[in-house]
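Here is the structure we will look at.
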Amino acid sequence: YYALGAAAAATVCVVDYRTLARFSLVLYWGAILILVLVLIPGIGAMRFGARRWIDLGFFQFQPSEFAKLAFILAQAHFLSRPVEEMKLLRNFLKGLGLLLLPFALIMIEPDLGSALVLVPTTFVMLFVAGAPKRYLFRLVAAIALLAALFLVDVLLAPPQWQLKLHDYQKTRLLVFFGVDYKARPGATKAERDALARKQWDDSHNVRQAMISVGSGGLFGKGYRQGTQNALGYLPRGVAHNDFIFPVIAEEKGFIGSVAVLVLYGTVLLTGVRIAGRARDRLGKLLAVGVVTLIFSHVFINIGMNLRIMPVTGVPLPLLSYGGSSVLVSLMAIGLLQNVYIYRKTY
């Protein structure tokens, strides 16, 4: 997948990004169509309680990953209009409208992490495009208010008033906020003990991730010598994808962890520099969208491993196992390179 991704990135670099942008709406609606198809039983494959993949036999295709890149292309193309037009409320709302459709379809799968990374990407692109700050402040305030009401409902409201969530989604929020599981009135000691064991089990992944990160020390325990991973305390089903960072931290220690962050920082700073050197609004917005998307993935993934973010299924770009993630990450980096290559042809 690295080889295929590198070839795809090189292919993306061949065609001027302005030419690619002309087909952005075709790619966007193609991505929407595939997001709809994956929800259909018999087409979308059900795994771990979610319908996020299309099984092609040789490849588990994850449409939400490719939809992120199609969305950035379409959003950048739309927002590249003159700044004066971006001051109109209808264009601001159209920009949000481009977000809502893929966001809703990805949430239905459900894939909360992939849906959430589209939100900061949209916000930053709107900001760079010159959307009025009063619109952006109102948008942030509305999102913050909805998030607060959602958390109050999930964490504090009586069961009959709570929003319907998948059990694992509610569990992740309860674990993150350290909310004790409450037994029903009149529960027996055995029932309370069972509930306490369930709470302990539900926080297992996060707890083992923290132990893995903390036990690596300065230089780590050595390649494949990390006890949490090798002995299976960090579950084998997640150690190679969502929880890859604790494996690196345990085996390579603080030095290895910092090296990973430095490498991501280099990619992100390079992307910011490319955005600054872009000669037109389209190139700037494409670069900003890609940088924000990668940063969101890195922040959420590493944040959940350090317990500063709730656990979500967001891969760590270019490190987590997953062919779709690797392909899209390299294609996104290829798009950044494209903006840099053709910056002088404007």
Just to confirm, what accessible area per residue do you get for segment 216-309 at 1.4 Å probe, in whole Å²? 46
With θ set to phi - 60° and the Karplus curve 6.51 cos²θ - 1.76 cosθ + 1.60, what are the ³J(HN,Hα) couplings of segment 113-118 in order, to the nearest whole Hz, using x for Gly and Pro? x, 5, 5, 5, 5, 6
In degrees from 0 to 90, rounded to the nearest 10, what is the angle of the helix 133-156 Cα long axis to the longest principal axis of the chain? 20
Candidates 50, 239, 141, ranked by Gaussian network fluctuation over the chain, Cα under 10 Å, top entry: 141
For segment 108-202, with +1 on Lys and Arg beta carbons and -1 on Asp and Glu, the positive-most of 145, 159, 124 along the dipole: 145
Test of understanding: what is the full-extension gain from residue 254 to residue 55, defined as 0.36 nm times their sequence separation minus their Cα-Cα distance? 67.8 nm
If you place +1 on the Cβ of every Lys and Arg and -1 on the Cβ of every Asp and Glu, how big does the dipole about the Cα centre of the chain come out, in debye to the nearest 20? 760
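Compute the FRET efficiency between residue 4 and residue 168 as 1/(1 + (r/R0)^6), taking r as their Cβ-Cβ distance and R0 = 25 Å, and round to the nearest 0.05.
Given R0 = 25 Å and the Cβ-Cβ separation, E is 0.20.
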If you take the beta carbon distance between residue 88 and residue 29 as r and set R0 to 25 Å, what does 1/(1 + (r/R0)^6) give as a FRET efficiency, to the nearest 0.05? 0.55
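Sequence gap at least 6, Cα distance under 8 Å: using those rules, report the relative contact order of the chain to the nearest whole percent. Don't skip to the end; give the middle numbers.
Numbers: 462 pairs, mean separation 86.3, N = 346.
Value for the chain: 25 percent.
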Entry for P(r) over Cα pairs in 10 Å bins from 0, in percent (calculated from the structure that is shown) out of (i) 5, 25, 36, 25, 8, 1; (ii) 5, 22, 31, 26, 13, 3, 1, 0; (iii) 6, 30, 39, 22, 3: (ii)
With 26 Å as the limit, write out which pairs from 87/164; 68/284; 133/170; 94/133; 133/344 have Cα-Cα distances beyond it, or answer none. 87/164; 133/170; 133/344
Residues of segment 79-190: accessible area per residue at 1.4 Å, in Å²? 59
Amide H of residue 50 versus every other amide H placed in the peptide plane: which residues, excluding those fewer than 5 positions away on the same chain, fall under 5 Å? none
Please arrange 29, 53 by accessible surface area, largest first, computed with a 1.4 Å probe and ligands excluded. 29, 53
Tally up the carbon and sulfur contribution to the accessible surface of segment 58-186 as a whole percent, 1.4 Å probe, everything protein left in place. 70
Just to check I understand the Karplus step: with θ = phi - 60° and J = 6.51 cos²θ - 1.76 cosθ + 1.60, what whole-Hz values come out for segment 58-74, glycine and proline as x? 8, 7, 8, 7, 10, x, 4, 5, 6, 5, 4, 6, 4, 5, 4, 4, 5
Per-residue HN-Hα couplings for segment 164-173, Karplus 6.51 cos²θ - 1.76 cosθ + 1.60 at θ = phi - 60°, whole Hz, x for Gly and Pro? 7, 10, 5, 4, 5, 5, 5, 4, 5, 5
If I model a spin label at residue 179 and residue 22 as a point 7 Å from the Cα along the Cα→Cβ vector, what separation in nanometres do I get? 5.3
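The values are calculated or read from the model by the stated rules, or taken from the named source; none is laboratory data. Bear in mind that the values here come from a model prediction, so they are computed numbers and not experimental data. When we count neighbours, we look across all protein chains shown, and the Cβ atoms used for this are built from the backbone with ideal geometry, even at glycine. For the accessible areas, the whole protein counts, side chains as well, though only heavy atoms, and no ligand, DNA or RNA atoms are used. Shrake-Rupley method; radii C 1.70, N 1.55, O 1.52, S 1.80 Å.
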